[in-house]
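To keep things clear, I will list the structure first and then write my remarks on it.
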Amino acid sequence: MSTSSLPTRRHTIIKNTTALTMDSALGEIVGADIEILDGEIVGIGPGLEASGAAVIDGTNTITLPGFVDSHWHVWGTLLRGVVGDGPEHGWFATKGRLGGHFTSEDFATGVRLGMAEGISAGITTVHDWSHNIMCYEDAEANLAVHRELGTRVHFSYSAPSAHPSMPMEKMREILAKGGLLPDAVMDFDNPRRIAEDWVPSSESLLTVGVAVRGPARSTPEVYREEWRLAREQGLSISMHCAGTEAEVERIHQIEVLEADGLLGDDMLLAHCLYISSTEREYLADFGIPVSMSPLSELRLGMGSPPINEHVAAGVQVSLSLDTTAISATADVFQAMRVAVGLQSISAKDATALTPRRVLEMTTIDGARALGLEEVIGSLTIGKRADLIMVRTDELNMAPVWDPVVAIVHSAQPSNVDTVMLDGRILKWKGELTTVNTPKVIAEAEDSLKQLCERAGFKPR
Ligand SMILES: [Zn+2]
């Protein structure tokens, strides 16, 4: 599938914006011009000349790197609205009831809805943790939508897991559709095929890894073999870890992996809410990043993300949505505010996590978590042009004094005026350029309706 339907990369100059470069050498530049050529940032600073370039007026805007989401099960977007309150209608129950009925078409409509919202809200890179893949066609449907939309994506291949505690009928259903029991090694042929079939033609917008269940949800023989296979194939390894107290009462996954000699900087862990101080030291020593999802951790009652504890120990932290079926919106601004607020409460100190620090977590540190810090994450000459322009002349923004405070504490997705991804303009003057929004919404609604019918599920 080609990318020919995407907007062309034009020689462009943004004039007179306030640039939050997130590059420590450049800092913040008021009255900045940014020149983009062939999808690359080639100039940044005041008073640039770029003859022949298309001019974007940056007056009354703040320009910053596009957000990087380091842990998002994008397919789950289709279940937004079905996930309600109480154990019977919670995320895990809903996923268990409906996840096994997803078709490749449902993957496509769900990911299209999720990423269209994500791009509109300023997310330009996503770690798409696709943990419901039942056949290669599901993965292809998922990847095809990213290609269609022009997303920069780290794709973690993963199958749904069946667990002996599930009702037998449910377990059989999941197993019949490619799900895994704890003593079964996940499929590594499909991620290898993705790396071979999709990465070379991705214009460097796609990297591939696997998401594994780890010591808490698979047997020692299985997780050791999965680590071996991932490393043999050069696939990065992602894993949920210590998201509940019940898990750490049973097992400390990081300690187990350390004892097995398996920790490495090709790993990424999500949550890590209840890890021990020893485990925290391991993460810092091995350079293993942690993705924290304050909106889902809050809504599911998992716990308050110990961001400052991780940072103080030298652990690299980035932020994520987890799934918009739980976070409810792809609103990174809200995630930053909640992250800041929770650190303020736990430290009884309103400055415990500063706006500048949290903005690093959604930009440059997100890029680091995905091994993309040389490519994106800051407005730096030589990096790819993934950037967003946020309007300041709006009721919820003005008057802007400190642009970082405005972005973290006032901005919302509707203030994102322009999104440029790899030099392509995907949102312009508040409208997505390549997405037929009413059609995307209607198709997602239809998909969910049919999915519920197939599953015999009647939403309240
Ligand atoms: Zn997750």
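The values are calculated or read from the model by the stated rules, or taken from the named source; none is laboratory data. Note that the structure is a prediction, hence the values are computed from the model and not measured. Neighbour counts are summed over all protein chains in view; Cβ atoms, including those assigned to glycine, are modelled from backbone coordinates with ideal geometry.
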Restrict the check to segment 250-265 and report whether at least one residue is in contact with a Lys or Arg (Cβ under 6 Å, 6 or more places away or on another chain), in the same structural domain as G96 (by TED's automatic domain parsing) and either buried (at least 24 other Cβ atoms within 10 Å of the Cβ) or not basic (K, R) (or both).
no
Kindly indicate the residue of segment 320-370 that is within 16 Å of the ligand (Cβ to nearest atom) and among the hydroxyl-bearing types (S, T, Y) and also surrounded by the most Cβ atoms within 10 Å (Cβ to Cβ) among those meeting that condition.
S320
Please go through segment 244-274 and pick out each residue that is more than 17 Å from the chain's Cα centre (by Cα), at pLDDT 95 or above and within 15 Å of the ligand (Cβ to nearest atom).
Q253, L273
Take segment 222-243 and flag every residue that is within 16 Å of the ligand (Cβ to nearest atom) and outside any loop (DSSP other than H, G, I, E, B).
S236, I237, S238, M239, H240, C241
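For every residue, the table says whether it meets (1) of a type in the set (D, E, K, R); (2) surrounded by 24 or more Cβ atoms within 10 Å (Cβ to Cβ); (3) at pLDDT 95 or above.
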residue	(1), (2), (3)
T63	no, yes, yes
H73	no, yes, yes
T77	no, yes, yes
K95	yes, no, no
A116	no, yes, yes
T125	no, yes, yes
W129	no, yes, yes
E137	yes, no, yes
In contact (Cβ under 8 Å) with a residue 40 or more places away in the chain and on the phi > 0 side of the Ramachandran plot - does that describe any residue in segment 246-264?
no
Of all residues being hydroxyl-bearing (S, T, Y) and within 16 Å of the chain's Cα centre (by Cα) in segment 116-139, which is nearest to the ligand (Cβ to nearest atom)? Just the residue, please.
S130
When residues of segment 300-319 are filtered for being surrounded by fewer than 24 Cβ atoms within 10 Å (Cβ to Cβ) and within 16 Å of the ligand (Cβ to nearest atom), how many remain?
4
Given the criterion charged (D, E, K, R) and either touching a Ser or Thr at 6+ places or on another chain (Cβ under 6 Å) or within 15 Å of the ligand (Cβ to nearest atom) (or both), identify the matching residue among E297, E279.
E297
Residue check: is S291 within 16 Å of the ligand (Cβ to nearest atom), surrounded by 23 or more Cβ atoms within 10 Å (Cβ to Cβ) and part of a strand (DSSP E or B)?
yes
Please work out if R391 is among the basic types (K, R), over 20 Å from the mean Cα position of the chain (by Cα), outside the structural domain of A93 (by TED's automatic domain parsing) and modelled with pLDDT of 95 or more.
yes
Requiring at least 3 residues that are hydroxyl-bearing (S, T, Y) and over 25 Å from the mean Cα position of the chain (by Cα), the strands (runs of 3 or more DSSP E) wholly within segment 1-92 are 12-20
